[in-house]
Amino acid sequence: RAGADPRDTTGIAAPVDDYEGDLEAGVSGLTIAGPENYYFDGIGPEIGKALDEVLATYEALGASIRRVTLPHHDVIGGLSNIVGNSESCTLHAEWQEKCPELYSPLVRARMMAGYGFTAVEYLKAQHLRSAIAADVAKAAFEDADGLCAPLLRFPVPTLAETDVSDGPKLHEVLGSIR
């Protein structure tokens, strides 16, 4: 369900569009952007094939596909780590102290990395965030109604594959999730 969550102190109570209202209209006449860069760098063949099939299906249903180059991906990952890790270690600090055993080593490692960033780095990342988001949104949506891109470049790993404890594969698994 879309809309404001009264328990989320970071949310805003803004009107929400009727997202389901036009579902029956289909995709005919829409333009779907497909990124040419970043998302497909090092992509697994089965993921690339699935995305090609999705885009072909959209096209067969009457949508036009527009290839786009999205800017700033050379810095987005690093800035995202600064903001995300800093905020997660801050928001989870009390629970980390009271019950650290409830966090897997992988999750704990991602959050704890936030303590390594300075306030200056965090504020700089926050400052750059809106300009970068505006540039990416313009490149993606200036001439398109939607964006089709993979969330991961590889099949979703099983829990067993990511349960690396504090072992030698911890940094490899962390590095694969960009």
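Here are the numbers for this structure:
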quantity	calculated
Selected residue (criterion: modelled with the highest pLDDT) from residues of region 150-164 that are closer than 22 Å to TYR39 by Cβ, in a loop (DSSP other than H, G, I, E, B) and open to solvent by less than 100 Å² (accessible area, probe 1.4 Å)	PRO150
Failed condition for ASP52, given (1) assigned to a loop (DSSP other than H, G, I, E, B); (2) modelled with pLDDT under 95	(1)
Residue that is farthest from ALA144 (Cα to Cα), among those in region 16-37 that are touching a Gly at 6+ places or on another chain (Cβ under 9 Å) and assigned to a loop (DSSP other than H, G, I, E, B)	VAL16
Pick from region 139-149, criterion out of contact with any Phe, Trp or Tyr (no Cβ under 8 Å at 6 or more places or on another chain) and part of a loop (DSSP other than H, G, I, E, B), ranking: farthest from TYR58 (Cα to Cα)	GLU142
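The values are calculated or read from the model by the stated rules, or taken from the named source; none is laboratory data. Keep in mind the model is a prediction, meaning the values are calculated, not measured. FYI the Cβ positions are ideal-geometry reconstructions off the backbone, even for glycines, and counts take in every protein chain you see. Ligands, DNA and RNA are stripped out before the accessible areas are found, and what is left, the full protein with its side chains, is counted by its heavy atoms. Shrake-Rupley method; radii C 1.70, N 1.55, O 1.52, S 1.80 Å.
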